[in-house]
Amino acid sequence: MTKKILVKGPLMSRSGYGEQSRFALRALRARPDLFDIFIINIPWGKTGQITEETEEKNFINWSMMETAEYLKTGGTFDISLQITVPNEFEKIAPVNIGYTAGIETTKVAPQWIQKINEAVDKVITISTHSKKVLETTTYDVKDQNGNEHPGWGVQVPIEAVNYPVRLYEPEEVNVNFETENNFLVVSQWGPRKNVDNTIKWFVEKFQHDETVGLVLKTNVVSDSIIDREHTSLRVKALLDSLGERQCKVYLIHGELSPGNLTWLYQHPTMKALINIAHGEGYGLPLFEAAYNGLPLVTVTWSGQLDFITKPNKKGKAVPRVARVDYDIQRVQPDAVWPGVIQEDAMWAYARESSFKKMLGEVLEKEVHYQKEASALQTHILKTFQAEKMYEQFVSHIYNPTPEDLDWEAQMDEIQIL
């Protein structure tokens, strides 16, 4: 007997949460014997929507219409899968599962803990880092009667499931690289991503090297024309403040297909992907670059630790990247987000000198870092296969016992008779 599952999330959004939603959908669709899928799509800030016509997009649109009709007739669900931040979780079905990217800092807000405990039976997140922070954050609180409750935290099970590898044929991007040694950044321009320092320190490092370029795929809010103008002005103002330079900076803005990104990751002039964000729930561009064989320049902290490491002969997980030293300190004031990012939470701050050193090393020791990237690529392609990740995800949603399957088989047999 299949379970009616409501998937509520930003399935049409071009964002990290959008990709997370579509991964969940793919995992559930891999088991039509277990799930009858219904969909409610929700907006995700001002992010753009997927426009490419695919079978998956058509399925989402069809399911959304079917769900709307089903709800009009008073239809109910066995399970809800809610893909959003925890303070938006709610009771929708007899079994409710929250699927969140979690947090990039060292603690979660008390509002998250309260909503998780009240609304869902389980939480699935995307990395070991997020799982650990959700499990270990506690507060000393008092209830409405004044009774103290020390060590109050999440009371439901928390699981972590990583993303799978998704391979695409390269599709050329309309950009002419004049430089032979390029570094790639794929990040939205916000406080957490540390883009200002990335650009500033890069230009200072290669200010007098005309062979080096920074390929900046970014936006501030969306892929709109207005955002493109705003982003261009922001880049220009920052570069103007740094004075004369010989290195190049290429701005790529707007919607790119997975094939376009693959082309950038695999471009023969691309030497590494740079990410010195303060923290990642997972770090999808890092992951994609790694399984495309591109070296990484990054800090060894937060969500990316799940895939930037490879076990050595003794079984110890060793990062196979150009490691940027960092310090764990409080989040900056402009990053505080009431109910999400706590004022006293902490995250990583890349050290300027170490970042600049690693940029130089990637060029000076190119053969070494290409070998590291190749070893990591082989490990990821083997470990993060789609079928494995789908199976792991589904097992945390609904894992029927042999007795359940026997009973369902008996019911099928009775129906046939």
Matching residues, the range 18-49, being touching a residue at least 40 places away in the same chain (Cβ under 8 Å) and within 23 Å of ILE226 (Cα to Cα): GLY45, LYS46, THR47, GLY48
All strands (runs of 3 or more DSSP E) inside the range 223-317 with 3 or more residues being farther than 30 Å from VAL161 by Cα and touching a residue at least 60 places away in the same chain (Cβ under 8 Å): 248-252
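Run down GLU403, GLU364, GLU413 and say which single residue is modelled with pLDDT of 95 or more, open to solvent by 50 Å² or more (accessible area, probe 1.4 Å) and out of contact with any His (no Cβ under 6 Å at 6 or more places or on another chain).
Numbers: GLU403 fails: modelled with pLDDT of 95 or more; GLU413 fails: modelled with pLDDT of 95 or more.
Only one candidate qualifies: GLU364.
Between VAL165, VAL156, VAL133, which is of a type in the set (A, V, I, L, M), in a loop (DSSP other than H, G, I, E, B) and surrounded by 18 or more Cβ atoms within 10 Å (Cβ to Cβ)? Quick ask: steps written out before the conclusion?
Values: VAL156 fails: surrounded by 18 or more Cβ atoms within 10 Å (Cβ to Cβ); VAL133 fails: in a loop (DSSP other than H, G, I, E, B).
On inspection, the qualifying residue turns out to be VAL165.
Can you pull out the residues in the range 344-361 that are closer than 25 Å to PRO191 by Cβ and either out of contact with any strand residue (DSSP E or B) (no Cβ under 8 Å at 6 or more places or on another chain) or open to solvent by less than 40 Å² (accessible area, probe 1.4 Å) (or both)? Outline the logic, then answer.
The first filter runs over the range 344-361 and keeps only residues closer than 25 Å to PRO191 by Cβ, leaving 344-359.
Once the filter is applied, which keeps residues that are closer than 25 Å to PRO191 by Cβ and either out of contact with any strand residue (DSSP E or B) (no Cβ under 8 Å at 6 or more places or on another chain) or open to solvent by less than 40 Å² (accessible area, probe 1.4 Å) (or both), the range 344-361 yields ALA345, TRP347, ALA348, ALA350, GLU352, SER353, SER354, PHE355, LYS356, LYS357, MET358, LEU359.
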Long-range neighbours under 6 Å by Cβ, at least six apart or interchain, first residue crowded, with 19+ Cβ neighbours inside 10 Å within the range 184-200, second assigned to a loop (DSSP other than H, G, I, E, B) and β-branched (Val, Ile, Thr): SER187/THR218; TRP189/THR218; TRP189/VAL220; ASN194/ILE276; THR198/ILE276
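Would you be able to tell me the number of residues in the range 319-336 that are outside any helix (DSSP H, G or I) and surrounded by fewer than 15 Cβ atoms within 10 Å (Cβ to Cβ)?
Looking only at the range 319-336, we keep the residues that are outside any helix (DSSP H, G or I), and these are 319-332, 336.
Applying the additional criterion that residues be surrounded by fewer than 15 Cβ atoms within 10 Å (Cβ to Cβ) yields 327-329, 332.
Total satisfying the criteria: 4.
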Selection from the range 176-221 of residues that are within 9 Å of CYS247 (Cα to Cα) and in a strand (DSSP E or B): VAL212, GLY213, LEU214
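Any chance you could count how many residues in the range 201-211 are under 23 Å from TYR265 (Cβ atoms) and without any contact (Cβ under 8 Å) to a residue 40 or more places away in the chain?
Filtering the range 201-211 for residues under 23 Å from TYR265 (Cβ atoms) gives 201-203, 205-206, 209, 211.
Add one more test, that the residue is without any contact (Cβ under 8 Å) to a residue 40 or more places away in the chain, and what stays is 209, 211.
Residues meeting the conditions: 2.
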Hits in the range 136-153 - residues which are open to solvent by less than 60 Å² (accessible area, probe 1.4 Å) and either β-branched (Val, Ile, Thr) or touching a Pro at 6+ places or on another chain (Cβ under 7 Å) (or both): THR137, TYR139, VAL141
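Of LEU305, LEU294, which residue is of a type in the set (A, V, I, L, M) and open to solvent by less than 40 Å² (accessible area, probe 1.4 Å)? Walk me through it before giving the result.
Details: LEU305 fails: open to solvent by less than 40 Å² (accessible area, probe 1.4 Å).
So the residue among LEU305, LEU294 that is of a type in the set (A, V, I, L, M) and open to solvent by less than 40 Å² (accessible area, probe 1.4 Å) is LEU294.
From the list ILE252, ILE274, ILE341, which residue is surrounded by fewer than 22 Cβ atoms within 10 Å (Cβ to Cβ) and within 23 Å of TYR168 (Cβ to Cβ)?
Values: ILE274 fails: surrounded by fewer than 22 Cβ atoms within 10 Å (Cβ to Cβ); ILE341 fails: within 23 Å of TYR168 (Cβ to Cβ).
Answer to the selection: ILE252.
The values are calculated or read from the model by the stated rules, or taken from the named source; none is laboratory data. Since the model is a prediction, treat every value here as computed from it, not as a measurement. For neighbour counting, all protein chains shown are included, and Cβ atoms are generated from backbone atoms with ideal geometry for every residue, glycine included. Surface accessibility is based on the protein's heavy atoms, side chains included, excluding ligands, DNA and RNA. Shrake-Rupley method; radii C 1.70, N 1.55, O 1.52, S 1.80 Å.
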